[in-house]
Amino acid sequence: MRVLMVMFDSLNRNMLESYGGRFVKTPNFNRLAEHSVTFDNCYAGSLPCMPARRELHTGRYNFLHRSWGPLEPFDDSMPELLNHNGIHTHIATDHYHYFEDGGATYHTRYRTWEGFRGQEGDAWKGVAGEKKSPKEYKNRCDGIADSWEHNWVPQDFVNRSYLDTEEKQPQSKTFEAGKEFISTNHNADQWFLQIETFDPHEPFFTHDKFKKLFPHTYNGAVYDWPDYRKLNESDTPEEILHLRSEYGALLSMCDEKLGEILNLMDEYDMWKDTMLIVNTDHGFLLSEHGQWAKCHCPFYNEVARIPLFIWDPVTGIRGKRVKSLVQTIDLPATILKQFGLELPKDMEGVPLQSVIQEDKAIREAALFGIYGGQINCTDGRYVYMRSPVNYETKIYQYTLMPTRHGGRRAFIKEEELKQMTLSDGFSFTKELPVMQIPYGREAGQNTYPTILFDLEKDPNQESPIEDEAAEKRMIHLMRKRMKENQCPSEMLERYGF
């Protein structure tokens, strides 16, 4: 048995034709849907990047106990468990957060790995002296480019100067490395390959081959990197269309690279014995709900409800759509089961083989969110987004790895560490005590009120409802799922539980 995962970042499922999209032509995602099972109700859990990847390793929510951070010493890592059972694991990726302080324990869990540089202002190519982005450039970071911690834009344009052909782009190199692994090992058994690209994450940098697919009129500044904010009067219809077109161009490149993997599956007759999973960590707002990007605003379905395709050679089911509520935490459980391995007792995800066969419900409700922001719960019909009730309640991060995301200097600050105490930990920390560190940041989501949506009547989440009975039920499900995940008592208090 072999398992191949192709993972994208910030993939808005509404842009895929197989999920009803009309703006971008995605023939290879269509081809994939014809040859796999398409999941209509897959939700992210912990957002954004590295919290989602911790779930991909552990099959547990991250966001109730800590923010962005590395794998912990007590975590059960799916790739590492495969290694220990004689299954070769390999990752090829251009997701540069794997190689920063706040995420540098993930890639070494794989038996072998390859990393490719140059995405999103990655501190890659060294060009000394003053670095400037183009004179006309519309981006949130440009005004603070002199700050070393926020040097993304000028550094990104340094990087781009080395990426003057499609073949040199990090995504291309990532897929070439994945294809090389497949070509080398297509006759071998017992391996897991993860091909993971940062695209179509911003900035939406592509070459003319893909841009030409989206003809439109735009004469403004260079604009391919949206701010994390609400739309305002400066966002003209021409700019909005241009930015969506830049995203579409990058998604078209992703679709083409996916096709190259499907071609190898055909060439080497791998459909008979290789599970294929195609997924993403979360989506991205492209002006929907009057918003750009993610995290600063509620996690609408364009961000939280994500695409997922699985081909299981054991069942041989293709072209099917399933409605069961599934999440990222289910993927490591699915992979372990495919290799016949026992799941760790702390893994909360559920193998999806039963869903593929029978569209069988595996959970009553799913949680998703960002640490310290709104806690969200869905049962597949309703989506309940709850903001804190008791803002004065102090919350803590529980960790043995005092690093996080925050520019290039990602250590938790000294003034926070000075207030650190030792907690007894939780059952999933394997009886290890952990640091309990006060967390003082307030998430942008918390400026929004608690809201409830009925997806059956309002699939685009345009009109929040007031329904006392439905809200009471969703509160019950949310509290139940939080307690099942050993949510810290102060977190329960902060959200009014």
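The values are calculated or read from the model by the stated rules, or taken from the named source; none is laboratory data. This one's a predicted model, so the numbers in the text were calculated from it and none came from an experiment. Virtual Cβ from ideal backbone geometry, glycine too; neighbours counted across all protein chains shown. Accessible surface areas use protein heavy atoms only, side chains included; no ligands, DNA or RNA. Shrake-Rupley method; radii C 1.70, N 1.55, O 1.52, S 1.80 Å.
Does Phe339 satisfy being closer than 22 Å to Val37 by Cβ, touching a residue at least 60 places away in the same chain (Cβ under 8 Å), of a type in the set (A, V, I, L, M, F, W, C) and open to solvent by 10 Å² or more (accessible area, probe 1.4 Å)? So Phe339 passes the test. Contact map, segment 163-189: residues that are at negative phi and in a helix (DSSP H, G or I) paired with residues that are of a type in the set (Lys, Arg) and open to solvent by 80 Å² or more (accessible area, probe 1.4 Å), Cβ distance under 7 Å, separation 6+ or inter-chain. Pairs shown: Glu166/Lys209; Pro170/Arg117.
Pairs, please: C-beta under 7 Å, at least 6 apart or cross-chain, first residue closer than 17 Å to Val314 by Cα and in segment 263-278, second of a type in the set (Asp, Glu) and in a loop (DSSP other than H, G, I, E, B)? Between residues of segment 263-278 that are closer than 17 Å to Val314 by Cα and residues that are of a type in the set (Asp, Glu) and in a loop (DSSP other than H, G, I, E, B), the close pairs are Met275/Asp312. Scanning segment 132-159 for residues that are open to solvent by 30 Å² or more (accessible area, probe 1.4 Å) and either in a helix (DSSP H, G or I) or at pLDDT 70 or above (or both) yields Pro134, Lys138, Asp142, Gly143, Ile144, Trp148, Glu149, His150, Asn151, Trp152, Phe157. A search for C-beta distances below 7 Å between a residue of segment 348-359 that is farther than 25 Å from Lys483 by Cβ and any residue that is in a helix (DSSP H, G or I) and among the polar types (S, T, N, Q), counting only pairs 6+ apart in sequence or on different chains, returns Gln353/Thr334.
Could you list, in sequence order, all residues of segment 442-469 that are closer than 19 Å to Arg494 by Cα, surrounded by 12 or more Cβ atoms within 10 Å (Cβ to Cβ) and out of contact with any helix residue (DSSP H, G or I) (no Cβ under 9 Å at 6 or more places or on another chain)? Scanning segment 442-469 gives Glu442, Ala443, Gly444, Gln445, Asn446, Tyr448, Ile451.
Do we find that Phe198 is hydrophobic (A, V, I, L, M, F, W, C), touching a Ser or Thr at 6+ places or on another chain (Cβ under 7 Å) and part of a loop (DSSP other than H, G, I, E, B) in this structure? So Phe198 fails the test. For Pro488, the test of being closer than 24 Å to Thr393 by Cα and open to solvent by less than 40 Å² (accessible area, probe 1.4 Å) is passed. Among the residues of segment 239-249, is any open to solvent by 40 Å² or more (accessible area, probe 1.4 Å), more than 24 Å from the chain's Cα centre (by Cα) and either among the polar types (S, T, N, Q) or on the phi > 0 side of the Ramachandran plot (or both)? Within segment 239-249 (the criterion being open to solvent by 40 Å² or more (accessible area, probe 1.4 Å), more than 24 Å from the chain's Cα centre (by Cα) and either among the polar types (S, T, N, Q) or on the phi > 0 side of the Ramachandran plot (or both)), the answer is no, since none of the residues qualifies. Filtered by the rule that a residue be over 26 Å from Tyr98 (Cβ atoms) and either free of Cβ contacts under 8 Å to residues at least 12 places away in the same chain or acidic (Asp, Glu) (or both), segment 415-430 gives Glu415, Lys418, Asp424.
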